[in-house]
1. In the set Ile84, Ile131, which member is among the β-branched types (Val, Ile, Thr), touching a Ser or Thr at 6+ places or on another chain (Cβ under 7 Å) and touching a residue at least 24 places away in the same chain (Cβ under 8 Å)?
2. Residues in the stretch 190-203 that are more than 16 Å from Gly238 (Cα to Cα) and touching a residue at least 24 places away in the same chain (Cβ under 8 Å): how many?
3. One residue is enough: does the stretch 143-154 have a residue meeting the conditions part of a helix (DSSP H, G or I), without any contact (Cβ under 8 Å) to a residue 40 or more places away in the chain and loosely packed, with under 13 Cβ neighbours inside 10 Å?
4. Inspect the stretch 255-264 for any residue being more than 12 Å from the chain's Cα centre (by Cα), of a type outside the set (A, V, I, L, M, F, W, C) and not in a helix (DSSP H, G or I) and give the result as yes or no.
5. Could you grab the pairs with beta carbons closer than 8 Å, sequence gap of 6+ or different chains, first residue in the stretch 102-114 and outside any strand (DSSP E or B), second one among the β-branched types (Val, Ile, Thr)?
6. Among Trp65, Trp95, Trp70, which is the only one that is modelled with pLDDT under 95 and either under 23 Å from the mean Cα position of the chain (by Cα) or over 23 Å from His129 (Cα atoms) (or both)?
7. Among residues belonging to the stretch 227-242 that are surrounded by fewer than 22 Cβ atoms within 10 Å (Cβ to Cβ) and touching a Lys or Arg at 6+ places or on another chain (Cβ under 9 Å), point out the one that is nearest to Pro136 (Cα to Cα).
8. Select from the stretch 1-32 the residues that are without any contact (Cβ under 8 Å) to a residue 60 or more places away in the chain and outside any helix (DSSP H, G or I) and list them in ascending order.
Amino acid sequence: MLLANRHRRHRATQPLLSARFEDAATALAELTAAYQTPDASGAVAYRAGVTVGFVLGAPKPSPLWGPNIWVEAAGLAVVDPELIRDLYAAAAARWVDEGRTAHYVVVPAHDAELVQAWFRLGFGQQHAHAIRPAAPPATVMPAGLSVRRASRVDIPALAQLDRELPLHHAQSPTFSAGPMGTLEESVAEWEADFDDPAYTTFVAEADGRVIGSAIGCALEKSSTHLSLARPEHAGFLGFAAVLPHARGAGAGRALGTAVIDWAVSAGFDSVVTDWRVTNLLSSRAWPALGFTETFLRLHRLIRY
């Protein structure tokens, strides 16, 4: 009931989110699945014998996230935001004892008091999830720029653009240097997967040269937007990158517009995307296209 009520309040500000999770039985199924995740643990708060809050986390096996624990979208609900500080204090003692010192939590963006409570636990915002209606944005194509569907002749450029996003994230102020494959590996992946109908790829051109790319697909293809953070029948702006010399001229927004227009033509009800908030380019481009935040991923690294 706590989780269903939390989601009901959330949908009052973000009605494009799924109404299914306002049902207590559906919320129970999500919470049960989270509880059954390997090595899940957490804490529950009671007041006069009544449950008033919970937090539940589980680790992800990927080394990308460090020795981690994740509180996903279904992993917390409280009647009073201040309670989350006590719940985290109780749960985090075990997590740190287990050596899990990289903590991530996905919090409803509309609840400023709850977000502030997490901030007062030493967390900061790392990532944003966002949504917009599937309706054409009011944008104008910059002069000298064009956007079209990608073809196989674009594979070398697409492979290079695959590397540009992690290269950009490795720089200041994001400093997120994850593992990155070789250009040859990226070319091989594009050669093998280019004709997959589940993904629609666009390229931006200037002076006859490809300078950027973006990919649209159904949100179900995303491994990030899960549970309460996954609206029904939504398209997904899953990737966009622009070559460094071409940034700042509107190519990213033009590519985002192309994916939104594709989602409209495909009959989706909404379009979802996400970005690192320290990525200065995407954190300005996507809100300018009408995306509004639904969930915030917060992060705390326990070290010193």
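1. Ile131
2. 1
3. Yes, because at least one residue in the stretch 143-154 is part of a helix (DSSP H, G or I), without any contact (Cβ under 8 Å) to a residue 40 or more places away in the chain and loosely packed, with under 13 Cβ neighbours inside 10 Å.
4. Taking every residue of the stretch 255-264 in turn, none turns out to be more than 12 Å from the chain's Cα centre (by Cα), of a type outside the set (A, V, I, L, M, F, W, C) and not in a helix (DSSP H, G or I).
5. These pairs meet every condition: Ala109/Val115; Ala109/Thr294; His110/Thr13; Leu114/Val78; Leu114/Ile84; Leu114/Val107.
6. After ruling out the rest, the residue left standing is Trp65.
7. Filtering first and then ranking leaves Gly238.
8. Within the stretch 1-32, Met1, Pro15, Asp23 qualify.
The values are calculated or read from the model by the stated rules, or taken from the named source; none is laboratory data. As the structure is a prediction and not an experimental result, all values here were calculated from the model. As a convention, Cβ positions derive from the backbone with ideal geometry for all residues, glycine included, and neighbour counts pool all protein chains shown.
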